Amino acid sequence: MSASTDEHRETGYELLGKVAEYRAFMLTPFADQLPPMLLEGLQNSTFSLVRLAALKATCSVVLEMGPNGGHTLFQPLVEPLLHVVEASIKEENETAAQEAMSALARVTEEVPKNFVNP
């Protein structure tokens, strides 16, 4: 996601998450572009809120895509998602860690096969 500032990137991922929640069908034409864009946010090295927003957007996209592509999208992102949680804990950002773990827990509850190797 190309933006001039980290705050803009954060907002972009937040908007992507909302689109996934309320109008997931609009993302279907961009399904191939989503994984690299989400990965870029998950690996943002300068701003933890970008990583958190990307994690939440990833979880929203996966939940809304469900069994029709969510598993394929999610598998390569599992490790970067867990790194976001780890970084939040290391930074002692309890709120971010809780939000990240809650989002991941929701995915594991609703689409548990996402965490199992195909």
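What follows draws every value from the coordinates through simple rules; no lab data is involved. Worth saying up front: this structure is predicted, and the values here are computed from it rather than measured. Reconstructed Cβ throughout: ideal geometry from the backbone, glycine too, with neighbour counts over all protein chains shown.
If you place +1 on the Cβ of every Lys and Arg and -1 on the Cβ of every Asp and Glu, how big does the dipole about the Cα centre of the chain come out, in debye to the nearest 20?
On the way: 8 positive and 16 negative charges, 65 e Å.
In total the dipole reaches around 320 debye.
What relative contact order, as a whole-number percentage, does region 5-59 give when Cα pairs under 8 Å and 6 or more residues apart are counted?
Value for region 5-59: 50 percent.
Tell me, what are the semi-axes, in whole angstrom and largest first, of the equivalent ellipsoid of the chain as set by the roots of 5 times the Cα gyration tensor eigenvalues?
Numbers: eigenvalues 84, 60, 28 Å².
That gives 20, 17, 12 Å for the three semi-axes.
For the chain, build the charge dipole from Cβ charges (+1 Lys, Arg; -1 Asp, Glu) around the Cα centre, then report which of Tyr13, Val61, Ala87 sits farthest towards its positive end.
Val61
Using Cα-Cα distances under 8 Å and only pairs 6 or more residues apart, what relative contact order does the chain have, in percent?
Values: 129 pairs, mean separation 29.4, N = 118.
Relative contact order of the chain: 25 percent.
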